[in-house]
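Comments concern the structure below.
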Amino acid sequence: MDYQNSLAFAQEQDRQDPLHHFRERFYFPQVNKQDAIYFCGNSLGLQPKSAQMYIDNEMYKWANLAVEGHFKGEEPWVTYHELLAGGAARVVGAKESEVVIMNQLTVNLHLMLVSFYRPQGKRFKIMVEGGAFPSDQYALETQTKFHGYNPDEAIIEIFPREGEHTLRTEDILQSIQEHGEELALVMMGGINYYTGQVFDMEAITKAGHEVGALVGFDLAHAAGNVLLRLHDWDVDFAVWCTYKYLNSGPGGTSGVFVHERFGKDPSVLRFAGWWGHNAKERFLMEKGFKPMEGAPGWQVSNGQILPMAVHRASLELFDQAGMENLRQKSERLTGYLEYLIDAVPVGKDVIEMITPRDPQARGCQLSLLVKRNARQLFDKLMESGIIVDYREPNVIRVAPTPLYNSYEEVYRFSEILHECLEGC
Ligand SMILES: *Cc1c(COP(=O)(O)O)cnc(C)c1O
């Protein structure tokens, strides 16, 4: 790559960056009375300035129309989820009918497992990456118990080889083949939250299907970060949150993908509620659940309009920027971060990058394993106005996002990292 280790170079990259102005559409937190360098979009994305207006609109409707807001006006609440489907579908590479925005992530994961983890006979196991996000681990553990299995038997975790931090695709595929007839489900993160590794979702889906298993992904760290083609990859289901890279607010709403082959089949079992019922008959309040077609047929409760309004503001920005443009910038921005970290003289002895070096095998996040005084380094970075996050026992995750971060921020981060490391 043609990177240079200078502020002038970084500033020139920003001048040439067609997405640079999107920064102005966000609020930055203040540290020492200045905009922080915010590399924590992997945990909670920044607030789009437009979010307030979208919320205000709904508050206004509530104040002025009250219950009639469900049906009156141009954007009635009963169909509010439909306003989000297009933008969300473009982010994850799906048909509009395959996506619905509802609930929160782990709740949606459970709803999907109810439909798509259907153990039978000797086919009762779930394969997952070792060290998956705890909420996913707990969901799988309790789902297997719910079906009467011992989680230690029913859950197969795959770990990296001795001395390696990330999984090799060949090992994942081989493991799927080995466990073939026992596998009911392959359920993995699209990107592992700790290492930042992107899994080859297309190859994993294909391998899972070949042995007769279903395949789903938790895209919490992938949605809005890397290019996804859920429909074309033939993924069975996926879930994601909207408050990380999708900037839709703390505890924000969540997305669900259900492949159309299931969405068109009303016999697929699910835990239902009135909002997934055939919309034309919903208010007849009759017995007998008849699901809507597509992913909306998995809705349970009436839509949470305020979090959805925030998500709408955010999805609009993604549509304006375009996922492909964002990903292009992201590879370059994170590549610059990698180049600068490698160039910090004392860095090599102290920092080991556990995120894959191959840009195709990672998103925007780099995970730095810090070999001594990790917590101290983290605290110093934070005091210096850099917001990153810390994951026990000794990993600092640094995630410059293409929508609101700049090359200059990446450069300034490396300068401050350099200073902090010298003092450690
Ligand atoms: C962030 C994250 C969660 C959080 O779950 P919530 O239900 O939104 O609290 C779950 N799983 C993964 C993989 C995550 O990265």
(request) With the condition kept exactly as written, say whether any residue in the stretch 104-123 is more than 13 Å from the ligand (Cβ to nearest atom) and in contact with a Phe, Trp or Tyr (Cβ under 6 Å, 6 or more places away or on another chain). (result) yes
(request) Kindly establish whether LYS122 is closer than 20 Å to VAL268 by Cα, of a type in the set (D, E, K, R), open to solvent by 10 Å² or more (accessible area, probe 1.4 Å) and in contact (Cβ under 8 Å) with a residue 12 or more places away in the chain. (result) no
(request) List every residue pair whose Cβ atoms sit under 8 Å apart, with the two residues 6 or more apart in sequence or on different chains, where the first one lies in the stretch 9-28 and is more than 12 Å from GLU409 (Cβ to Cβ) and open to solvent by 60 Å² or more (accessible area, probe 1.4 Å) and the second, anywhere, is in a helix (DSSP H, G or I) and among the aliphatic types (A, V, I, L, M). (result) ARG25/LEU317
(request) Examine the stretch 342-362 for a residue that is in contact with a helix residue (DSSP H, G or I) (Cβ under 8 Å, 6 or more places away or on another chain), at pLDDT 95 or above, in a strand (DSSP E or B) and not aliphatic (A, V, I, L, M), and state whether such a residue exists. (result) yes
(message) If I ask for residues that are open to solvent by 70 Å² or more (accessible area, probe 1.4 Å) and in contact with a helix residue (DSSP H, G or I) (Cβ under 8 Å, 6 or more places away or on another chain), which ones from the stretch 90-119 would you list?
(response) ARG90, LYS95, GLU96
(request) Mind listing just one residue for me: the one in the stretch 268-294 that is in a helix (DSSP H, G or I) and hydrophobic (A, V, I, L, M, F, W, C) and, of those, nearest to the ligand (Cβ to nearest atom)? (result) TRP275
(request) Hey, could you check the stretch 160-213 for residues that are among the β-branched types (Val, Ile, Thr) and more than 26 Å from HIS110 (Cβ to Cβ) and say which is nearest to the chain's Cα centre (by Cα)? (result) THR166
(message) Condition first: assigned to a helix (DSSP H, G or I), closer than 27 Å to GLN320 by Cβ and of a type outside the set (Lys, Arg). Now tell me which residues in the stretch 1-38 satisfy that.
(response) ALA10, GLN11, GLU12, GLN13, ASP14, GLN16, HIS20, HIS21, PHE22, GLU24
(request) Could you please let me know if PHE146 is closer than 26 Å to CYS241 by Cβ and more than 26 Å from the chain's Cα centre (by Cα)? (result) yes
(request) Might you let me know whether the stretch 313-326 holds any residue that is open to solvent by less than 20 Å² (accessible area, probe 1.4 Å) and under 15 Å from VAL78 (Cα atoms)? (result) no
(request) Scan (1) assigned by TED's automatic domain parsing to the domain that holds LEU105; (2) without any contact (Cβ under 8 Å) to a residue 60 or more places away in the chain for the single condition ALA309 breaks and write down its number. (result) (2)
(request) Being in a loop (DSSP other than H, G, I, E, B) and open to solvent by less than 20 Å² (accessible area, probe 1.4 Å) is the filter here, so list the residues in the stretch 250-267 that pass it. (result) GLY252, THR253, HIS259
(message) I'm trying to understand the selection: among the residues of the stretch 203-222, which are more than 10 Å from the ligand (Cβ to nearest atom), open to solvent by less than 10 Å² (accessible area, probe 1.4 Å) and part of a loop (DSSP other than H, G, I, E, B)?
(response) ALA213
(message) Suppose we filter ASN278, ASN302 for residues that are assigned by TED's automatic domain parsing to the domain that holds ALA66, in contact with a Phe, Trp or Tyr (Cβ under 7 Å, 6 or more places away or on another chain) and surrounded by fewer than 20 Cβ atoms within 10 Å (Cβ to Cβ); which single one remains?
(response) ASN302
(message) Only one of LYS95, LYS72 is more than 16 Å from the ligand (Cβ to nearest atom), modelled with pLDDT of 95 or more and assigned by TED's automatic domain parsing to the domain that holds PRO296. Can you tell me which?
(response) LYS95
(message) within 26 Å of ASN103 (Cα to Cα), open to solvent by less than 30 Å² (accessible area, probe 1.4 Å) and within 16 Å of the ligand (Cβ to nearest atom): is that true of THR242 in this structure?
(response) yes
(request) Please work out which one of (1) free of Cβ contacts under 8 Å to residues at least 12 places away in the same chain; (2) within 23 Å of LEU109 (Cβ to Cβ); (3) open to solvent by 60 Å² or more (accessible area, probe 1.4 Å) is the condition HIS147 fails and give its number. (result) (1)
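The values are calculated or read from the model by the stated rules, or taken from the named source; none is laboratory data. Quick caveat: nothing in here was measured; it's all calculated off a predicted structure. FYI the Cβ positions are ideal-geometry reconstructions off the backbone, even for glycines, and counts take in every protein chain you see. Each accessible area value is taken on the protein alone, full model and side chains, heavy atoms only, with ligands, DNA and RNA left out. Shrake-Rupley method; radii C 1.70, N 1.55, O 1.52, S 1.80 Å.
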